[in-house]
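Reviewing the structure listed below.
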There are 2 protein chains.
Amino acid sequence: MKAARYYGPGDIRIDDVPEPRTRPGTVQVEVEWCGICGTDLHEYLEGPIFVPAADAPHALTGETLPITLGHEFAGVVHEVGDGIDDVHVGDRVVVEPYIICGHCDACAQGKYNVCESLGFVGLSGFGGGFSQLVVAERRWIHPLGDLGTDLGALVEPLAVAHHAVRLSGAQPNHSALVFGAGPIGLVTTAALRASGVEQIIVVEPAAARKQKAPIAGADHVIDPTTSDVVSEVRELTKGRGADVSFECAGIDAVLKSAILSTRAGGTCVNVAIWGHEASVAMNDLVFHEVNVLGSLGYANDHPATIEMIASGKVDPFQFITGRIALDDIVKNGFDELINNKEENVKILVQP
Amino acid sequence: MKAARYYGPGDIRIDDVPEPRTRPGTVQVEVEWCGICGTDLHEYLEGPIFVPAADAPHALTGETLPITLGHEFAGVVHEVGDGIDDVHVGDRVVVEPYIICGHCDACAQGKYNVCESLGFVGLSGFGGGFSQLVVAERRWIHPLGDLGTDLGALVEPLAVAHHAVRLSGAQPNHSALVFGAGPIGLVTTAALRASGVEQIIVVEPAAARKQKAPIAGADHVIDPTTSDVVSEVRELTKGRGADVSFECAGIDAVLKSAILSTRAGGTCVNVAIWGHEASVAMNDLVFHEVNVLGSLGYANDHPATIEMIASGKVDPFQFITGRIALDDIVKNGFDELINNKEENVKILVQP
């Protein structure tokens, strides 16, 4: 079968690879749509980061590059392994793309998203969504019901947002502040809107992204290049600051703004993955007793995320800015996202 | 009356100042004991920091230096203002030394310790504990019952610890990790022990302080100059890391260790006040979903702290390493604490 495999920076090839075998307790999924994630772009531009390098096989998969990419995917059940009777051939499903040890302290706590050996299908081995077939254990298979698999491919990024919003403790009477209206900022905005939060403020400098934020659910959009973010947020929140804030950029000045714009005793959730150590004025945390919380991926968030879409609280179509064939993944997918970063949100690939 | 007043770095003088008048709704306290705090030392060494400089009067007191120092004090009620009938002359009391606006968002939330105009008696004006008499509003007066006023002078630093432990969410079955066995690290250790936490680990390099930690309640003391803290903490906590950790040092490498030694999903409380921006590997927070929380002072913690001492759960005598007269405050107080930093914890001054 065909698969888009990562060999190193700037080097993704369409290879012919063996079909994965269905084993007892697993489900074989025929992928219909798979989104290209910012993480995939980082691998393409400056990796390998998550992808195991040639001399460092992943602890759980034992694989090294070349690795099949793609972890935001949904499809149709193609075959079920022995012992599986609650998922059937033809069911539409999304795959939660984790690879975990199952026995470390984090796994024992149910926080499998911070498993100490964490890996991802589509980054660490065991195939990926940019190929025709993927096999995963039953626990990672989530039925989509009547939802289309194109929307199903959006479940993964929306689950990241659902998780971050859940950790933040956001309540309906809260004001929320999202820094960045790239893909993660937009899905976070949408998840906040779906959660019923009263007021959502998005901070974003890029023109194309500023236009998308209100569609995702922003009540106000602040341009940090022309406004003083901290004072504008205070003005919009009756002098309080935001109850919860979300750093989706991974930039020192943004984190500083996020902390200073958060209400005394409030929570700032760091959703970004950082490429460097941040310079943090810890006294800003102390003098406002702000809580800075790391959020990674999702854990037990998929069912609620699917329900969020199925109930119409989020319309994921707004995030789909392209649909392409697997053969065109580099030119019309990765290169397009790099060259037209601000216009695009999510490009879906059909293997 | 006599008062130790701060004029600038290295310049504390014993002055004769007017006695403060008792007003309606206030209580006049005759100070019996007042501890010298690390904050006072910072002012002496490199201030003015909290003390309002000559050109920047405090928003609420309107005062500038010279300022009477001393905010860790207890004494006996000397006079009560009109309208006060629940505190009587002769009562032993401790004064919660806050000066707040009462109407900002933090005050409205009851988090008056992060009032946007926060000041301290003994740093921002309205007198201080290094003088014979202090007048404060009734709300800041906490009866000590049968406790001596020497122990009463320890209520303030122990309230800082009580607050930090409360914010951390520490539970009896938790393991706790305290970085630093200076005064704040030691009282935090004692407050953790009083809270019933199962296991307490203290990290401290200085020999004299390492000896004090077990007396305060440490089950294990790790010397970071001879041990790998992160791996030793993991070993002591069944591979998990500490459920809660406390950064009481304000040092980049310590904060890094604290975050890395905290259990997945656990909480790291920053108690230190920082003299610089910290370099923080935000990904360490993200990949373990650790929660970094700022803790400042105390809010509604004094009654429980007094009860913690009265019930015998903490013995504050261990922290008293000197008792001196007001006239000797510079030589036997500030200079002694600077020259014999590691041997001393708390020196009490008798005005």
Quiz item: How big is the gap, in Å, between the Cα center of the range A:271-315 and the Cα center of the range A:109-125?
Solution: 17
Practice problem: First compute the accessible area of chain B with a 1.4 Å probe, then give the percent of it belonging to carbon and sulfur atoms. | Solution: 49
Quiz item: Dividing the Cα radius of gyration by the Kirkwood radius, what Rg/Rh value follows for the range B:161-294?
Solution: 0.92
Exercise. Before anything else, pin down the relative contact order of chain B: Cα pairs under 8 Å, at least 6 apart, normalised by residue count, whole percent.
Key: 18
Practice problem: Would you be so kind as to identify which of B:Ala213, B:Val292, B:Val203 lies farthest towards the positive end of the dipole of the range B:161-294, taking Lys and Arg as +1 and Asp and Glu as -1 on Cβ and the Cα centre as origin? | Solution: B:Ala213
Self-check item: Count of lysine pairs in chain B with Cα separation under 22 Å (8 or more residues apart, or interchain)
Solution: 13
Quiz item: How big is the antiparallel share of DSSP beta bridges in the range A:161-294, given as a percent to the nearest 5?
Solution: 0
Practice problem: About the Cα centre of the range B:161-294, how large is the charge dipole given +1 on each Lys and Arg Cβ and -1 on each Asp and Glu Cβ? Please answer in debye to the nearest 20. | Solution: 340
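Among the DSSP beta bridges whose two residues both lie in chain B, what percent are antiparallel, rounded to the nearest 5?
Numbers: 32 of 59 bridges.
Roughly 55 percent of the DSSP beta bridges within chain B come out antiparallel.
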Exercise. List the distances, in nm to one decimal, from the label point of B:Gln171 to the label points of the same position in every other copy, shortest first, placing each label point 7 Å from Cα along the Cα-to-Cβ direction.
Key: 2.1
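Quick one: work out Rg over Rh on the C-alpha atoms of chain A, Rh as Kirkwood radius.
Across chain A, the Cα-based Rg/Rh ratio is 0.97.
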Quiz item: To two decimal places, what compactness ratio does the range B:92-187 give when its Cα radius of gyration is scaled by 2.2 N^0.38 Å?
Solution: 1.23
Practice problem: For B:Glu343, go 7 angstrom from Cα along the Cα-to-Cβ vector, then report the distances to that same point in the other copies in nm, smallest first. | Solution: 7.5
Quiz item: When Cβ neighbours within 10 Å are restricted to other protein chains, what is their mean count per residue of peptide A:261-272?
Solution: 4
Self-check item: Sequence-distant residues sharing a close amide H with A:Leu133 (under 5 Å, placed H)
Solution: A:Val31
Quiz item: Based on DSSP H runs of at least 4 residues, each adding -39500 (n - 2.57), what is the mean residue ellipticity at 222 nm of chain A after dividing by all its residues, to the nearest 500 deg cm²/dmol?
Solution: -7000 deg cm²/dmol
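Stick to the Cα atoms of the protein assembly as shown, pair each with every other, and give me the Kirkwood hydrodynamic radius in Å at one decimal.
On the way: mean 1/r = 0.0363 Å⁻¹.
So the Kirkwood estimate lands at 27.6 Å.
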Practice problem: Using a 10 angstrom cutoff on alpha carbons, build the Gaussian network for chain A and name the most mobile of A:Val187, A:Val31, A:Val87. | Solution: A:Val87
Practice problem: Tell me the distances, shortest first, between B:Thr321 and the same position across the other copies, using label points 7 Å along Cα→Cβ, in nm to one decimal. | Solution: 6.0
Quiz item: Which of A:Gln132, A:Gln109, A:Gln28 moves most in a GNM of chain A, Cα contacts under 10 Å?
Solution: A:Gln109
Self-check item: DSSP-defined antiparallel bridges as percent of all bridges, the protein assembly as shown, nearest 5
Solution: 55
Quiz prompt | Candidates B:Asp40, B:Asp328, B:Asp243: whichever shows maximal mean-square fluctuation once chain B is modelled as a Gaussian network with Cα springs under 10 Å | solution = B:Asp328
Quiz item: With every protein chain left in place, what is the accessible area per residue of the range B:161-294 in square angstrom, probe 1.4 Å?
Solution: 34
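Estimate for me the total accessible surface buried between chains A and B (protein heavy atoms, probe 1.4 Å, no ligands or nucleic acids), in Å² to the nearest 100.
On the way: alone 14800 and 14820 Å², together 26450 Å².
The contact between B and A buries close to 3200 Å².
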Quiz item: Any idea which of A:Ala253, A:Gly239, B:Ile49 is furthest toward the positive side of the dipole for the protein assembly as shown, if Lys and Arg beta-carbons carry +1 and Asp and Glu beta-carbons -1?
Solution: A:Gly239
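The values are calculated or read from the model by the stated rules, or taken from the named source; none is laboratory data. These numbers were taken from a predicted model, which means no experiment stands behind them. Glycine also receives a Cβ, built like all others from the backbone with ideal geometry; neighbour counts cover every protein chain displayed. Heavy atoms of the whole protein, side chains included, go into the accessibility calculation; ligands, DNA and RNA do not. Shrake-Rupley method; radii C 1.70, N 1.55, O 1.52, S 1.80 Å.
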